[in-house]
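Q: Just dropping this structure here.
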Amino acid sequence: MNPSDDDKPLLLVGTGSETVAPGLHILRGQGQSFVAETDAGLVVIDAGPGGKVTQGMIDALRQLSDAPVHALCYSHGHIGYNSGVPVWLEHARQRGEPAPRLIAHANLPRRYARYRETQALQHRMAEIQFNRAPGFFDQRLPMHDPTETFGERLVIGSGEQRVELFWAPSETDDAIALWHPGQRLLYGGPALLDSIPNIGTPFRTLRDTVRWADTLEAMAALRPVSAVREFGPAIAGEDEVQRVLLHTAQALRWLRAEVVRLMNEGLNEQQVLAAMHYPDELFAVPWMKPTYGDPSYIVRDIYRSENGWWDRNPTTLHPEPPPAVGEAVAAAITDKAAVIASAQALADAGRWQLALHVIDLLATASGPAPEIAHARRLKAQWLRERARQVPSYVSRNLYRVGADMIEQGTQDRFGIH
């Protein structure tokens, strides 16, 4: 863990605002929130994480408009994007205005209920994924329920100033987007990023790859002349918007077809991963960069969507407890120094991932043998080397946090090996 990062807001994209069209603005906070000036009042998508960040969003908004906030809309149900709702409600109260409508998709309350039920798990996963100290999220992820929900579409305002909220299942099944028909501008929410779609993250539940492609194609059918991403620069020009949306959908559909083809040939998950080759014409474009997610994450999610948990090794069907397995393997290795030497040779050749596979023969064991302690130290060192090789933010953090936990002896608390 990196305590020096504890006070840095997560996924902060900067401060201030940007006008993308008359009466349509970006507010920078946790991702890019969005503001539409309508004849009903201001429609704001995402309240931000709270505290100074949300207050900064409000201050930036008031440089743009003095109109009341008619609605706060939840772009999706991931915790943090709307933790700042009370700050906005207090702002309205101080101005003597009615509380804004709190609008979300109909699936969001079910997600919030699940997150409340699994709160400790959600906090642990976030600590690892975002490399924060234990307990960092205990008071930082409040959830505030919407006051109303909708299913497919909701119109706010009238005439040329109206906006349409619509269901856009993608990163979550409760994601929404905003369409301004008068100016043909799309705010894509979590469905539209400047990197590969965030499907298959190691800690999260399944995300539907084909449904995300469906959403992108539905957005393209609106024929936007500009599109605002939740992360990344806005897309200008009808042709460019079409290119990004439809290309991304095509890449997702290709991944689904290729994984299905390999599964039908009888390959297991690891074999599918090894057989995948990602064509440059689909994946070597700026908006498919693996800066947060990774194409192999998507492959895993597609595989899991059609397969159970079994890795096809009969040994793992009814396993012994991990400590017992580790001890038994370590005890069976009579020349532990040779294992370390073999792993070290791979590391010296820069083959860090293979070195990790070999060193795990000892590093996952417990016991007093000095070679086991040595193996753990090497594993932590090589995890950090591996982190330097991968472009995905999530993968880098998982490698680094794993190294920290090994060195601190806290890996059992998180189930890390």
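Q: Output the residues belonging to the stretch 169-204 that are touching a Ser or Thr at 6+ places or on another chain (Cβ under 7 Å) and either within 27 Å of T19 (Cβ to Cβ) or surrounded by fewer than 24 Cβ atoms within 10 Å (Cβ to Cβ) (or both).
A: Of everything in the stretch 169-204, those that are touching a Ser or Thr at 6+ places or on another chain (Cβ under 7 Å) and either within 27 Å of T19 (Cβ to Cβ) or surrounded by fewer than 24 Cβ atoms within 10 Å (Cβ to Cβ) (or both) turn out to be P169, S170, A175, I176, L185, G189, P190, A191, S195.
Q: Restricting to the stretch 86-104, and then to whatever is aliphatic (A, V, I, L, M) and not in a helix (DSSP H, G or I), can you tell me which residue is nearest to the chain's Cα centre (by Cα)?
A: Ranking the candidates gives A104 first.
Q: Sticking with this structure for a sec: Working only within the stretch 53-69, note down all residues that are closer than 24 Å to D145 by Cβ, out of contact with any His (no Cβ under 7 Å at 6 or more places or on another chain) and surrounded by fewer than 23 Cβ atoms within 10 Å (Cβ to Cβ).
A: V53, Q55, L61, P68
Q: Which residue, of Q129, Q161, Q139, Q122, is over 21 Å from the mean Cα position of the chain (by Cα) and polar (S, T, N, Q)?
A: Answer to the check: Q161.
Q: Here are R312, R400, R388, R384: which of them is within 30 Å of A257 (Cα to Cα) and of a type in the set (D, E, K, R)?
A: Result: R312 is the single residue among R312, R400, R388, R384 that is within 30 Å of A257 (Cα to Cα) and of a type in the set (D, E, K, R).
Q: Output yes when any residue across the stretch 255-268 is under 20 Å from the mean Cα position of the chain (by Cα) and either more than 30 Å from A120 (Cβ to Cβ) or crowded, with 23+ Cβ neighbours inside 10 Å (or both), and no when none is.
A: yes
Q: Let me ask something else. If you go through the stretch 73-81 one residue at a time, do you hit one that is surrounded by fewer than 17 Cβ atoms within 10 Å (Cβ to Cβ) and either more than 25 Å from the chain's Cα centre (by Cα) or aromatic (F, W, Y) (or both)?
A: no
Q: Only one of G50, G31, G41 is touching a residue at least 24 places away in the same chain (Cβ under 8 Å), outside the structural domain of V401 (by TED's automatic domain parsing) and in contact with a strand residue (DSSP E or B) (Cβ under 8 Å, 6 or more places away or on another chain); which?
A: Within the list G50, G31, G41, the selection yields G41.
Q: Here are some residues: L362, L354. Which one is touching a helix residue (DSSP H, G or I) at 6+ places or on another chain (Cβ under 7 Å) and closer than 20 Å to V272 by Cβ?
A: L354
Q: Right, here's the next one. Which members of the stretch 62-83 meet the condition of being touching a strand residue (DSSP E or B) at 6+ places or on another chain (Cβ under 7 Å) and of a type in the set (A, V, I, L, M, F, W, C)?
A: Hits for the stretch 62-83 are L64, A67, V69, A71, L72, C73.
Q: Considering only the stretch 63-85, how many residues are within 16 Å of G29 (Cα to Cα) and outside any loop (DSSP other than H, G, I, E, B)?
A: The number of residues fulfilling the criteria is 3.
Q: For the stretch 298-347, how many residues are within 25 Å of L273 (Cβ to Cβ), in contact with a His (Cβ under 9 Å, 6 or more places away or on another chain) and not hydrophobic (A, V, I, L, M, F, W, C)?
A: So the count comes out to 2.
Q: In the stretch 265-309, which helices (runs of 4 or more DSSP H) lie fully inside it and hold 1 or more residues that are without any contact (Cβ under 8 Å) to a residue 24 or more places away in the chain and over 15 Å from L255 (Cβ atoms)?
A: 269-275
Q: Suppose we keep only residues that are of a type outside the set (G, A, S) and under 18 Å from E152 (Cα atoms) within the stretch 102-126. Which one would you say is surrounded by the fewest Cβ atoms within 10 Å (Cβ to Cβ)?
A: R110
Q: Something else: For the stretch 239-254, give me each residue that is among the small types (G, A, S) and either under 14 Å from I302 (Cα atoms) or loosely packed, with under 14 Cβ neighbours inside 10 Å (or both).
A: The answer is A251, and nothing else.
The values are calculated or read from the model by the stated rules, or taken from the named source; none is laboratory data. On a predicted model such as this, the values are computed, not experimentally measured, just so you know. Neighbour counts run over all protein chains shown; Cβ positions are idealised from the backbone, glycine included.
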